[in-house]
Structures are given as structure tokens and as C-alpha cells.
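Enquirer: This is the structure I want to talk about, given as C-alpha cells.
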């Protein structure tokens with residue numbers, strides 16, 4: 001058995017395929033695999049996408065640069081997952097963001113035509129694909145709403161609310177450094193540090209290193 005078969009089986013859209021079907025994709029060279037070093041550009045904004053990109057190992061981030069040069073981080077993705085699926089199947093198939101590796105990364109590519117074939121042959125595969133694209137659409141919609149929030153304070157509170165609801169706890173372990181969070185919020189690192197300090201001063205949170213303690217739950221839930 002090919003060593004990557006188990007990895008492919010963990011991808012959401014492939015989990016309903018038999019291991020023998022996944023092995024056939026690999027052994028018949030229907031997909032190809034490429035390795036990227038840390039901080040490599042996997043795809044650039046505006047670049048045309050001809051294949052579905054499957055992140056097998058590693059971690060990547062997607063970014064957009066505004067006219068003034070400010071970088072906004074859209075998403076961070078950890079393997080195993082699928083990258084830019086919506087853009088791949090759009091009419092012009094052009095990616096709207098830069099995809100950058102944050103560590104050594106392994107990416108597999110499979111043609112769109114082969115995905116169409118799998119959809120025609122396997123209803124469960126088609127359902128998984130549609131549900132995944134719907135979930136990603138909801139994520140992007142939430143992200144756009146997040147970007148339109150007027151103040152940095154509101155953005156931080158909304159971010160903490162999402163983490164609090166997801167983890168079901170009032171003690172949040174930040175996954176990112178202040179530098180990474182500043183890119184996510186589209187602000188400078190000093191501005192973000194000041195915003196956290198103000199929230200502490202207002203008694204809404206207490207920050208200790210990468211831990212955030214929610215002190216005023218109502219303030220966050222009402223954002």
C-alpha cells in the first residue's frame with residue numbers, strides 16, 4: 001500500500017472513497033505531488049488554477065495585500081485539507097489570494113476533470129464535495145463580515161467570541177503570535193498590543209502570555 005493513502009483518506013472529500021480507489025489515483029499517476037519549503041509561494045493572487053490542490057502535510061496561510069501595502073491574512077490551513085476549491089471551480093479559475101507555506105509542506109494536485117469523473121461515479125463523493133464548498137462559503141462570508149467591523153476592539157471581541165464558542169471555555173489559548181494576529185486583523189503589532197491592553201484595563205479580559213481569560217462574558221457575547 002502506498003504510504004500516502006491513509007493521508008488522502010483523511011481529506012474530507014475523499015473519506016467516502018475506498019482505499020483501493022485512492023490507491024488507483026496514486027498508482028496511475030492521476031495526481032502528482034510537490035514539496036514546498038517554508039515561506040514558499042504556492043500560488044499567487046490572480047494566478048489561474050488548473051487542478052484541485054490537496055494539502056497533505058504542513059501548514060499554509062492565505063493573504064491579500066491592500067492598495068496601501070497592508071497585508072490582511074484571510075485564513076490559516078493545516079493539513080490534511082483542500083485549498084482554494086471554490087476558486088478552482090469558478091468560471092475564470094483565478095485565485096484571489098496568495099497561498100504561502102508556513103512550514104515544509106506537501107501538496108497533491110488532481111485535475112478538475114478527474115474530480116468531475118469521481119462526482120459522476122460516486123454520489124457520496126459528490127455530496128462531500130458540495131457540503132465542503134458550502135462550509136467554505138460560510139467561512140468566507142463570516143470573514144468578510146469580520147473585515148467590515150469598524151473598530152479593532154470589535155474585531156478582537158468577535159475573534160474571542162468565536163474561540164470561546166468553539167472551545168466551550170472562557171480560557172482561550174491563542175494559536176497565533178501577536179505578529180500573526182496583527183496580520184489577521186490587518187493592523188500593526190503595536191496597535192494590536194495596545195488594543196489588548198485597553199481590553200484588560202476595561203476588565204473584559206486578562207492576558208497572560210498566549211492565554212486569554214474572559215472576565216466579562218456578556219460584553220463578548222453581545223458583539
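Enquirer: How far is the Cα center of the stretch 187-223 from the Cα center of the stretch 57-89, in Å?
Expert: For the stretch 187-223 versus the stretch 57-89, the Cα centre distance is 26 Å.
Enquirer: Counting each DSSP H run of 4 or more residues in the chain as -39500 (n - 2.57), what helix-only mean residue ellipticity at 222 nm follows after dividing by all residues, to the nearest 500 deg cm²/dmol?
Expert: Numbers: 9 runs with 96 residues, N = 223.
Calculated at 222 nm, the ellipticity per residue is -13000 deg cm²/dmol.
Enquirer: Follow-up. Ordered by packing density, taken as the mean number of other Cβ atoms within 10 Å over each peptide's residues, highest first, how do 91-104, 167-180 rank?
Expert: 91-104, 167-180
Enquirer: Working out 0.36 nm times the residue gap between residue 135 and residue 24, then minus their Cα-Cα distance, what length gain in nm do you get to one decimal?
Expert: Extra length available between residue 135 and residue 24 comes to 37.1 nm.
Enquirer: As an exercise, use a Förster radius of 22 Å and the Cβ-Cβ distance of residue 170 and residue 145 to find the FRET efficiency, rounded to the nearest 0.05.
Expert: It comes to 0.40.
Enquirer: Relative to the present Cα-Cα distance, how much length would full extension add between residue 180 and residue 109 at 0.36 nm per residue of separation?
Expert: 22.8 nm
Enquirer: While we're on this one: For a label point 7 Å from the Cα of residue 123 along Cα→C-beta, name the residues of the stretch 1-43 whose backbone N is under 17 Å from it.
Expert: Hits in the stretch 1-43 for residue 123 at 17 Å: 16-18.
Enquirer: How tilted is helix 123-148 with respect to the longest principal axis of the chain? Cα atoms for both, answer in degrees (0 to 90, nearest 10).
Expert: 30
Enquirer: Which shape class, rounded, prolate or oblate, goes with the chain when its Cα gyration tensor gives a ≥ b ≥ c as root eigenvalues, a/c under 1.5 marks rounded, and past that a/b bigger than b/c marks prolate? Before the final figure, lay out each step's value.
Expert: Numbers: a/c = 2.22, a/b = 1.94, b/c = 1.15.
In terms of gyration-tensor shape, prolate.
Enquirer: Can you tell me what share of the DSSP beta bridges in the chain is antiparallel? A percent to the nearest 5 is fine.
Expert: Beta bridges within the chain, antiparallel portion: roughly 100 percent.
Enquirer: Compute log10 of I(q)/I(0) for the stretch 152-221 with the Debye formula, placing one identical point scatterer on every Cα and leaving out solvent, at q = 0.12, 0.22, 0.27 Å⁻¹, to two decimals.
Expert: After summing over all Cα pairs, the log10 values are -0.26, -0.95, -1.48.
Enquirer: Spin-label point model (7 Å from Cα, Cβ direction): what's the residue 59 to residue 102 distance in nm?
Expert: Each label point is offset 7 Å from its Cα along the Cβ direction, giving 0.4 nm.
Enquirer: Sticking with this one: On a full-extension model of 0.36 nm per residue, what is the gain between residue 91 and residue 12, subtracting their alpha-carbon distance, rounded to one decimal in nm? Could the numbers behind the result be given before it?
Expert: Details: separation 79, 0.36 × 79 = 28.44 nm, distance 2.36 nm.
The span from residue 91 to residue 12 would gain 26.1 nm if fully extended.
Enquirer: Just rank 183, 2, fewest to most, by other beta-carbon atoms within 10 angstrom.
Expert: With the sparsest Cβ surroundings first, the list reads 2, 183.
A short reminder: the numbers here are calculations on the coordinates, not readings from a lab. Quick caveat: nothing in here was measured; it's all calculated off a predicted structure. Positions of Cβ are generated from backbone atoms using ideal geometry, with glycine treated the same way; all protein chains shown enter the neighbour counts.
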